[in-house]
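Following: one structure in structure tokens, then a few remarks.
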Amino acid sequence: MSGLVIWITGLPGSGKSTIADGIKERFPDFIILRMDDLRKIVTPEPTYSEQERELVYRVIVYTAKTISELGRNVIIDATGNMRRWRELARHLIPRFAEIYLKCPIKTCTEREISRKETHGAPKGIYEKGMAGWPVPGVQVPYEEPLNPELIIETDNASIEEALSVICDFLSSFIRT
């Protein structure tokens with residue numbers, strides 16, 4: 001049977017990596033694919049162009065699909081600012097779920113400025129966005145999911161509350 005692939009999507013600073021780590025602690029068999037780590041290998045000097053984004057998001061979808069075909073569960077920890085990439089994963093991966101960490105950009109910006117651990121993400125991303133870099137939600141669009149399996153408002157829920165909801169969902173999804 002194919003493994004489950006969950007894509008945790010949301011703006012930078014919405015809590016994707018923290019939530020991915022929390023899920024991994026509770027479900028150790030999950031493999032986390034982090035876009036920030038993948039990008040360091042595929043595009044070591046990223047330009048964040050549309051062409052480059054298209055490439056790296058297709059690579060992460062393909063990688064998740066391949067791992068799930070081996071029967072392993074996967075977490076995609078990636079903004080995935082364009083809906084088409086998440087829909088590609090939904091189309092190609094039989095057991096797929098999208099978890100949207102919804103958070104106002106103001107809160108994401110404050111978190112990004114104050115966080116000590118970036119989980120490999122570039123530092124000062126919103127500052128760079130204000131200076132013209134192609135940052136989702138600032139200079140490039142973030143297309144919210146239309147029908148995610150879960151929406152967690154991370155500005156209103158603690159990490160533990162969010163993980164509780166997600167883990168309850170995953171427990172029922174994994175059994176099916």
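The values are calculated or read from the model by the stated rules, or taken from the named source; none is laboratory data. Only a predicted model underlies this, so the values are computations on that prediction, with no experimental measurement involved. With ideal geometry, Cβ positions are generated from the backbone for all residues, glycine too; neighbour counts draw on all protein chains shown.
Looking at 110, 127, which is the one that is modelled with pLDDT of 75 or more, outside any loop (DSSP other than H, G, I, E, B) and among the acidic types (Asp, Glu)?
The conditions single out 110.
Quick check: anything in region 67-77 more than 15 Å from the chain's Cα centre (by Cα) and among the basic types (Lys, Arg)?
Yes: region 67-77 contains one or more residues that are more than 15 Å from the chain's Cα centre (by Cα) and among the basic types (Lys, Arg).
Just to verify a result, which residue in region 3-18, among those that are under 13 Å from the mean Cα position of the chain (by Cα) and under 19 Å from residue 67 (Cβ atoms), is surrounded by the fewest Cβ atoms within 10 Å (Cβ to Cβ)?
Per the criteria, the residue is 17.
Going by the conditions given, is residue 22 at pLDDT 90 or above and surrounded by 21 or more Cβ atoms within 10 Å (Cβ to Cβ)?
So residue 22 fails the test.
Need the failing condition index for residue 98 against (1) in contact with an Asp or Glu (Cβ under 9 Å, 6 or more places away or on another chain); (2) in a helix (DSSP H, G or I); (3) charged (D, E, K, R); (4) surrounded by 23 or more Cβ atoms within 10 Å (Cβ to Cβ), just the number.
Of (1) in contact with an Asp or Glu (Cβ under 9 Å, 6 or more places away or on another chain); (2) in a helix (DSSP H, G or I); (3) charged (D, E, K, R); (4) surrounded by 23 or more Cβ atoms within 10 Å (Cβ to Cβ), only one is false for residue 98: (2).
I need the full set of residues from region 61-80 which are free of Cβ contacts under 8 Å to residues at least 40 places away in the same chain and either surrounded by 15 or more Cβ atoms within 10 Å (Cβ to Cβ) or within 25 Å of residue 141 (Cα to Cα) (or both), in order please.
Residues satisfying the conditions are 61, 62, 63.
Return a yes/no flag: does region 140-157 have any residue that is at pLDDT 85 or above, assigned to a helix (DSSP H, G or I) and over 24 Å from residue 57 (Cβ atoms).
no
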